[in-house]
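Student: Take a look at this one; I'll ask things after.
The values are calculated or read from the model by the stated rules, or taken from the named source; none is laboratory data. Please read these numbers as outputs of a predicted model, since none were measured by experiment. Methodologically, a virtual Cβ is constructed for each residue, glycine included, from the backbone with ideal geometry; neighbour enumeration extends over all protein chains shown. Accessible surface areas use protein heavy atoms only, side chains included; no ligands, DNA or RNA. Shrake-Rupley method; radii C 1.70, N 1.55, O 1.52, S 1.80 Å.
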Amino acid sequence: MMLKHADIATKPAIPILFFANKMDLKESLSSVKISQTLGLDQFKNKAWHIQASNAVTGDGLMDGIEW
């Protein structure tokens, strides 16, 4: 719903970053499965990125911010 909001959908220059927490767990979804589940492939005019992260250790946070 957020990505379809008029304030976001009409502005392709706004990049969207998703932090995928707990990606280190064996039962976590892959980035591909996450993008499919969220339907991100339909947003062809918007830059988006899924960053694996771990909130406890901080792994992936700087990579996401740098993206």
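Student: Considering 44, 11, 33, which residue is part of a helix (DSSP H, G or I), open to solvent by 90 Å² or more (accessible area, probe 1.4 Å) and out of contact with any strand residue (DSSP E or B) (no Cβ under 8 Å at 6 or more places or on another chain)? Steps first, answer last, please.
Tutor: On the way: 44 fails: part of a helix (DSSP H, G or I); 11 fails: part of a helix (DSSP H, G or I).
Going through 44, 11, 33 in turn, just one is part of a helix (DSSP H, G or I), open to solvent by 90 Å² or more (accessible area, probe 1.4 Å) and out of contact with any strand residue (DSSP E or B) (no Cβ under 8 Å at 6 or more places or on another chain): 33.
Student: Go through (1) open to solvent by 50 Å² or more (accessible area, probe 1.4 Å); (2) of a type outside the set (Ser, Thr, Tyr); (3) in contact with a Gly (Cβ under 6 Å, 6 or more places away or on another chain) for residue 27 and report which single condition fails.
Tutor: Single failed check for residue 27: (3).
Student: Right, here's the next one. Is it the case that the range 14-21 has a residue that's touching a helix residue (DSSP H, G or I) at 6+ places or on another chain (Cβ under 8 Å), part of a loop (DSSP other than H, G, I, E, B) and open to solvent by less than 70 Å² (accessible area, probe 1.4 Å)?
Tutor: Yes: the range 14-21 contains one or more residues that are touching a helix residue (DSSP H, G or I) at 6+ places or on another chain (Cβ under 8 Å), part of a loop (DSSP other than H, G, I, E, B) and open to solvent by less than 70 Å² (accessible area, probe 1.4 Å).
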